[in-house]
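**Student:** Sharing a structure, written as structure tokens. Questions coming.
The values are calculated or read from the model by the stated rules, or taken from the named source; none is laboratory data. All values reported here derive from a predicted model rather than from experimental measurement. As a convention, Cβ positions derive from the backbone with ideal geometry for all residues, glycine included, and neighbour counts pool all protein chains shown. SASA here: full protein model, heavy atoms, side chains in, ligands and nucleic acids out. Shrake-Rupley method; radii C 1.70, N 1.55, O 1.52, S 1.80 Å.
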Amino acid sequence: EKVILKDFNLRLNAGDRLAITGRSGIGKTSLIRIIAGLEEACEGQVKMRPEDSNDKASGPSVSMQFQEDRLIESAGIIENLRLVGCSDSEIRAAAKALDLEDFGDGPVKGMSGGMKRRLSLMRAVLKPSDLVVLDEPLAGMDDKTAEMAMAWAVKEIGRRHLACIIASHDLEGIKGFNINRNIELMPLDRA
């Protein structure tokens with residue numbers, strides 16, 4: 001019953017690295033879930049034009065990293081990433097780049113929170129799609145680990161995806177994703 005988005009229009013172009021920022025609870029996650037097709041807006045519409053899409057019939061494909069890691073806790077790194085179509089060689093290379101290779105393929109439940117966050121980032125970025133959407137991708141990471149994760153993600157996103165949307169309350173903390181556009185959500189009474 002609460003209106004969180006009003007008169008919102010967005011055109012995303014190939015090559016965009018869009019940050020959606022604003023304070024906690026402002027509607028960032030709701031907005032990206034609508035964009036990703038996981039929730040329907042009460043009013044308005046989302047048009048996904050497939051102009052640059054790999055699949056012209058159904059429109060652009062979307063991969064998403066959620067605020068929650070959403071990993072299969074009893075499975076290992078390889079098994080978690082095979083589910084989204086990653087090859088073992090891609091998984092091993094990414095695990096090495098993100099300093100997860102020493103973990104082996106033990107169950108994810110034995111990982112720290114920061115390790116799980118890197119794994120969920122790896123899964124979203126490696127999944128084949130046109131658009132990758134990341135919700136607070138660096139939560140639980142120290143500065144050095146966050147820098148490493150952003151450097152890896154920027155390279156892979158550029159190779160694998162047409163565009164990227166990153167939701168965060170901290171624009172400064174995600175600048176390493178090579179943000180080229182920012183939308184700051186404001187309370188409706190201040191808009």
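**Student:** Starting from residues that are among the charged types (D, E, K, R) and in contact with a strand residue (DSSP E or B) (Cβ under 9 Å, 6 or more places away or on another chain), keep the ones in the range 1-18 and report whichever is nearest to Phe177 (Cα to Cα).
**Tutor:** Step one: filter the range 1-18 for residues among the charged types (D, E, K, R), giving 1-2, 6-7, 11, 16-17.
Keeping just the survivors that are in contact with a strand residue (DSSP E or B) (Cβ under 9 Å, 6 or more places away or on another chain) gives 16-17.
Working: Asp16: 11, Arg17: 7 Å.
Looking at the filtered set, the residue picked out is Arg17.
**Student:** Follow-up. Find all pairs meeting these conditions: Cβ atoms under 6 angstrom apart; at least six residues apart or on different chains; first residue within the range 7-26 and within 17 Å of Asp189 (Cβ to Cβ) and open to solvent by 70 Å² or more (accessible area, probe 1.4 Å); second residue of a type in the set (Asp, Glu) and in a loop (DSSP other than H, G, I, E, B).
**Tutor:** none
**Student:** Return a yes/no flag: does the range 35-55 have any residue that is closer than 25 Å to Lys175 by Cβ, modelled with pLDDT of 90 or more, open to solvent by less than 40 Å² (accessible area, probe 1.4 Å) and part of a helix (DSSP H, G or I).
**Tutor:** Within the range 35-55, one or more residues are closer than 25 Å to Lys175 by Cβ, modelled with pLDDT of 90 or more, open to solvent by less than 40 Å² (accessible area, probe 1.4 Å) and part of a helix (DSSP H, G or I).
**Student:** Just the residues that are part of a helix (DSSP H, G or I) and either charged (D, E, K, R) or touching a Leu at 6+ places or on another chain (Cβ under 7 Å) (or both), please, taken from the range 16-29.
**Tutor:** Lys28
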